[in-house]
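Everything below concerns the one structure shown next.
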Amino acid sequence: MIKIAFFDTKPYDRRWFDRLAGDYGCKIKYFETKLTADTAITAQGYDAVVAFVNDVIDAPAVDRLMEAGVRLIALRSAGYNNVDFRYACDKIPVVRVPAYSPSAVAEHAAALLLTLARKTHRAYVRTREFNFNISGLDGFDLHGKTVGVVGTGRIGQAFISICRGLGMRVLAHDPYPVDGLGLEYVPRETIWRESDVISLHCPLTPDTHHLVNADTIAQMKEGVILLNTSRGALIDSEALLEGLKSHKVGAAGLDVYEEESDLFFEDFSNSIIQDDTLSLLLSLPNVLITSHQAFLTDQALHNIAQTTLENIHRYFDKGELVNEICYHKDK
């Protein structure tokens, strides 16, 4: 039986992992704490750890896991910017879930866009108070508008399909264009200049960190809508706030935030948030923020559990590293 230490556990995580673990010869111990260098000792005696996007798997954490005898780090996510995988390579293998439900994330991005375009979030609050006045709820048609999609992997492609169904013109940017999709690939500058809506579906790398910043916002159309369901640090939050205050940015739909690691997935409803930028963003009527829930569908949770457990089983049963992240392979 493969012993797994499972970190940063939430109730919805257990639903499919509990159902499927036995099928893959795994026994799971769930921990609510995040995986860090300080908590890695908890994994003493376990064969593998399962981690999520807000766990901090830096060099000290990798060393502690090695000392604890852990032989595999399995991410239950696609992104891995929270892992020092260059340091981990040749020490402890790291595997991930490259695709669990591209449509889930794409549909959430579309939900943010449609909500902002028609102000249904504000209408919902009004009608619950029996206020049926529609003044100030005027929106705009998406049909005929131009959407710029940065990143045309599986999620980006799914989002593009939705936008095409809405009758939108699609501009795309990706350093690795995908042939056969009939996409109009353009430089980033064209995305900024011509798009009515910009949606980010790219990984967080040194090249994409603060991809949206004061300079790029200055190049955008007046009233542009910005969407981010990828990684929070793709957007400079303070620059976004200034763009919203100046009306250069007409609205923003965010499922991620660059300082989310100590906030998202937790309940702070009885606390005073110390992050002034986030507090100000949440106070604006044209900003819609969800707490990194774009992946949260039953189908996606099933696929995440299945792929994670399959990755672990294949490694311990056959010595195969399926969906490995390794510096030698990614450099």
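Remarks
- Total residues in segment 80-131, condition in contact with a helix residue (DSSP H, G or I) (Cβ under 7 Å, 6 or more places away or on another chain) and of a type in the set (Phe, Trp, Tyr): 3
- Here is the figure for segment 123-146: residues that are open to solvent by 50 Å² or more (accessible area, probe 1.4 Å), closer than 21 Å to GLN157 by Cα and out of contact with any Ser or Thr (no Cβ under 9 Å at 6 or more places or on another chain) total 2.
- ARG86 being within 23 Å of the chain's Cα centre (by Cα) and either surrounded by fewer than 22 Cβ atoms within 10 Å (Cβ to Cβ) or of a type in the set (Asp, Glu) (or both): yes
- Residues of segment 255-289 satisfying the condition of being touching a residue at least 60 places away in the same chain (Cβ under 8 Å) and not in a helix (DSSP H, G or I): ASP255, PHE264, PHE265, PRO285, ASN286, LEU288
- Counted residues, segment 54-71 - those being over 27 Å from the mean Cα position of the chain (by Cα) and assigned to a loop (DSSP other than H, G, I, E, B): 2
- Members of segment 167-196 that are in a loop (DSSP other than H, G, I, E, B), touching a His at 6+ places or on another chain (Cβ under 8 Å) and closer than 15 Å to THR216 by Cβ: VAL186, PRO187
- Considering residues of segment 104-122 that are surrounded by 16 or more Cβ atoms within 10 Å (Cβ to Cβ) and without any contact (Cβ under 8 Å) to a residue 40 or more places away in the chain only, the residue nearest to the chain's Cα centre (by Cα): ALA111
- Identity of the residue in segment 1-45, acidic (Asp, Glu) and part of a loop (DSSP other than H, G, I, E, B), that ends up surrounded by the fewest Cβ atoms within 10 Å (Cβ to Cβ): GLU32
The values are calculated or read from the model by the stated rules, or taken from the named source; none is laboratory data. As the structure is a computational prediction, the values presented were derived from the model and not from experiment. In this analysis, Cβ positions are derived from the backbone assuming ideal geometry, glycine residues included, and neighbour counts consider all displayed protein chains. Note: areas computed on protein heavy atoms with side chains; ligands, DNA, RNA excluded. Shrake-Rupley method; radii C 1.70, N 1.55, O 1.52, S 1.80 Å.
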